[in-house]
Amino acid sequence: ARALLRWGQAVWARSDFKDAIAAFNTAGDIFLASRDSVGIGTASGLLALAEEERGNYDKSFQYAIRALNVHADEAYVALGQLYADVGDYETALDFYARIKNPGYKILSYLKVGEVYSLQNDFTHAEHYYQGYLKTLNKADKYDFSKPYTLMGEMYVSMGKYDTALYYLNTALTGFRQVNDNNWVMRTLLELGKAYNALHKTDRAINFLNQ
């Protein structure tokens, strides 16, 4: 079942939501049959996040509530993301603050930083992004890709386009190396915004068309 979760995450990265969700559901059924509450919660949390990412917020909420009953930290991540999506940043931060597991707490730093960035509170956003970066193994370059994209988005919002380009281009290289299409597309969009703001229209169009 845990191999199914890993496979589901791999195809999710390639934007194959249908197969990812099928894998998470099958894994969840196996965990349910073996009464593995942690497994049920993990599968439900992944289902909530996958459905959220493709815009199925009602289903995402249902899976998050299911996770809440067996694996609260997994549910808090999904619920925080859902409330951030609708602009209720205070409630989103409240759910992230409830996370107790140290591993999930560190992962939530990116979510918390993003919420602050969306509110233009860049001081707190950078604090959480840097806190996450400090936990990473410098030898594993891919691990830096997601925080670098989020930091690039933050610097675009701040109008610091040259700094944004450094982080975004570095992140794009990492995501392309592992074929993470979801984050490749997100990063390309921000690169287009940055180059457009710098009046480099041809480069902006090039990135937006990729």
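The values are calculated or read from the model by the stated rules, or taken from the named source; none is laboratory data. A quick note: this is a predicted structure, and the numbers were derived from the prediction, not measured. Cβ: placed from backbone, ideal geometry, glycine included. Neighbour counts: every protein chain shown. Each accessible area value is taken on the protein alone, full model and side chains, heavy atoms only, with ligands, DNA and RNA left out. Shrake-Rupley method; radii C 1.70, N 1.55, O 1.52, S 1.80 Å.
Structure summary
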item	result
Hz values of 3J(HN,Hα) by residue in the range 111-118 - Karplus curve (6.51, -1.76, 1.60), Gly and Pro given as x	5, 5, x, 5, 4, 5, 5, 5
Thr170 accessible area, assembled protein chains, probe 1.4 Å, Å²	60
Accessible surface of the range 106-210, 1.4 Å probe, proportion on carbon and sulfur as whole %	48
Whichever aspartates and glutamates have a C-alpha closer than 17 Å to that of Lys100, once near sequence neighbours (fewer than 8 apart) are set aside	Asp73, Glu74
With all protein chains modelled, accessible area of Lys105 [1.4 Å, Å²]	60
Farthest toward positive dipole pole in the range 37-160 [+1 Lys/Arg, -1 Asp/Glu at C-beta], among Gly113, Gln81, Val38	Val38
Anchor Lys160: lysines whose Cα lies under 20 Å away (excluding residues fewer than 8 positions away in-chain)	Lys146, Lys193, Lys200
Residue of Leu172, Leu136, Leu107 that the Gaussian network model of the chain assigns the largest fluctuation, springs spanning Cα pairs under 10 Å	Leu136
Anisotropy class of the chain from Cα gyration tensor, a/c 1.5 cut	prolate
Cα-based reach from Lys105 at 16 Å (exclusive), listing lysines while leaving out same-chain residues under 8 positions away	Lys134
Value at 222 nm in deg cm²/dmol, rounded to 500, when DSSP H runs of n ≥ 4 in the chain each add -39,500 (n - 2.57)	-25500 deg cm²/dmol
Between 0 and 90°, nearest 10: helix 37-53 axis offset from the chain longest Cα axis	40
Å² of accessible area per residue within the chain, as computed with a 1.4 Å probe and no ligands counted	52
Which of Ala125, Asn169, Thr91, positive extreme of dipole for the chain (C-beta unit charges)	Asn169
